[in-house]
1. Once you put a point 7 Å from the Cα of Asn169 and another 7 Å from the Cα of Arg310, both along the Cβ direction, what distance in nm separates them?
2. Quick one: check the C-alpha center-to-center distance for segment 141-217 versus segment 226-298, whole angstrom.
3. May I ask you to evaluate 6.51 cos²θ - 1.76 cosθ + 1.60, the Karplus curve with θ = phi - 60°, for each residue of segment 372-389 and list the ³J(HN,Hα) values in order in whole Hz, giving x for glycine and proline?
4. Quick one: net charge around Val254, please, counting Lys, Arg +1 and Asp, Glu -1 for every other residue with C-beta under 13 Å from its C-beta.
5. Counting heavy atoms of the protein chains only and a 1.4 Å probe, report the per residue accessible area for segment 266-325 as a whole number of Å².
6. Given the Cα-Cα distance of Asn125 and Tyr244 and 0.36 nm per residue of separation, how much length would full extension add, in nm?
7. Hey, what do the phi angles of segment 338-352 turn into as Karplus ³J(HN,Hα) couplings, whole Hz, using 6.51/-1.76/1.60 and θ = phi - 60°, x for Gly and Pro?
8. List the residues whose amide H sits under 5 Å from the amide H of His203, counting only those 5 or more places along or on another chain, with H placed 1.01 Å from N in the peptide plane.
Amino acid sequence: MMASELQKPIKKNRGFYVKMRILHKGRQPEKSLFFRYYQWILWFSFTLYFLTSFFITNKPITSSKPRASGSKLSLPSRVLFESVNKTSQQPYLKNPAMFKDLKIFIYELPSEYNENWLSNKRCSNHLFASEVAIHRALLNADDFRTFDPNEADLFFVPVYVSCNFSTVNGFPTIVHARSLLFSAIQFITKNYPFWNRSQGFDHIFVASHDYGACFHAMEDRAIDNGIPEFLMNSILLQTFGANYKHPCQDVENVLIPPYISPESIRKTLEKAPLTGNRDIMVFFRGKMEVHPKNVSGKFYSKRVRTEIWRRYKGDRRFYLQRHRFTGYQSEITRSVFCLCPLGWAPWSPRLVESVALGCVPVIIADGIRLPFSSAVKWSEISLTVAEREVGKLGQILEHVAATNLSTIQKNLWDPAVRRALLFNDHMQRGDATWQILTSLYKKLNRSYRRSRAPSQ
């Protein structure tokens, strides 16, 4: 019955249409000609509109190779970039107004400076691996990367100096860092004009080591070595930072967090969410020497870790472990407070892991400068205990637990805080690479191109 009711108006309309054609039979040929002409105009207009829209929105990407004279370069970096993007379905990240037209050129160096080191999987996944992570993120940052060095504000030099692992203890050895970086600069100077015109003033390097570009794990040796003269004019992205004058940060720099795999954090949080049960009050797993003086005569951690072990190894509030355990991130998710004492250097990857996994970091490293202070309000998500106050650690943490712990945890568990300290292969709004670009944008006074642009 419903179907027949729906058909009635169709028949009625058809009849009305036929009657109107009969009534206007004498004018039918003229109107038919008009309608044909009108239909042709309408068809032509729509065709022109859609063709124009197609070519505007699907403008082909031109192969914009570097236009530097005398360049004799292979394109391994571009191949890596294009293959990654073809297989990735990541959302396209638009250049935000806050960055305006920031453009970074990535040098295409021979593979011995970067890609060859990736044959060891540890190269892209250890505490110094931010040099790899930043390179990858910039390769995929379409709106910030330019293939034309003549329109670049800044120049990124991708050299991996932290992937030469010792065959004795497995730790990264950086004795070759200075020579490798100097060789890269020689290559750039030979093949491009951009280093010489500014003496490296607008060039960026990563120094993700204990004492940055001083390239040594021991502070006194690092200070004696100093930053290489050939890097003194450039911008360094470095993990070392002090809130007092220090020779190893006496250069234009952006302080960055140590690398922690975002994938490992994601997998850990899938098993144990931030707001889950935390049955460990104070946690630390790591090197705590009973006799901290090493063969060089130096005291590891300035004796701080030794003091923690001696005072609290039998304290039931403290869960202290001196041996490695691959599943240690699960222990962090069970803990309320995570100790982040200095090692040879003041910074530690535990700082990032604690924040990312929701454990309140307890920073024990006098004078440390922390990364991305404009995005991460460290005083609201962490505790700082002076090295000389380690003996009062239990009392201090008991007081915090009884007073403002819930407020600290609320601030700490904000997803934006975790995001700001993690590097992603494809940059996300607010992540660690995003924070670096924010800092670099504030240094555009170093751009040679902009300094030569006519004033408006």
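1. 2.2 nm
2. Computed from Cα coordinates, the inter-centre distance equals 20 Å.
3. Listing the rounded values in order: 6, 5, 6, 9, 10, 7, 4, 5, 9, 10, 9, 10, 10, 10, 5, 4, 6, 9 Hz.
4. Surrounding charge for Val254 is +3.
5. It amounts to 68 Å² per residue over segment 266-325.
6. Once the chain is fully extended between Asn125 and Tyr244, it gains 39.8 nm.
7. Per-residue couplings from phi come out as 10, 6, 10, x, 5, x, 6, 9, x, 8, 8, x, 4, 4, 5 Hz.
8. Phe155, Ile235
The values are calculated or read from the model by the stated rules, or taken from the named source; none is laboratory data. In this text the structure is predicted, and so the values were computed from the model without any measurement. All Cβ positions, glycine included, derive from the backbone under ideal geometry; neighbour counts span all protein chains shown. Quick note on the areas: whole protein, heavy atoms, side chains included, nothing else; ligands and nucleic acids left out. Shrake-Rupley method; radii C 1.70, N 1.55, O 1.52, S 1.80 Å.
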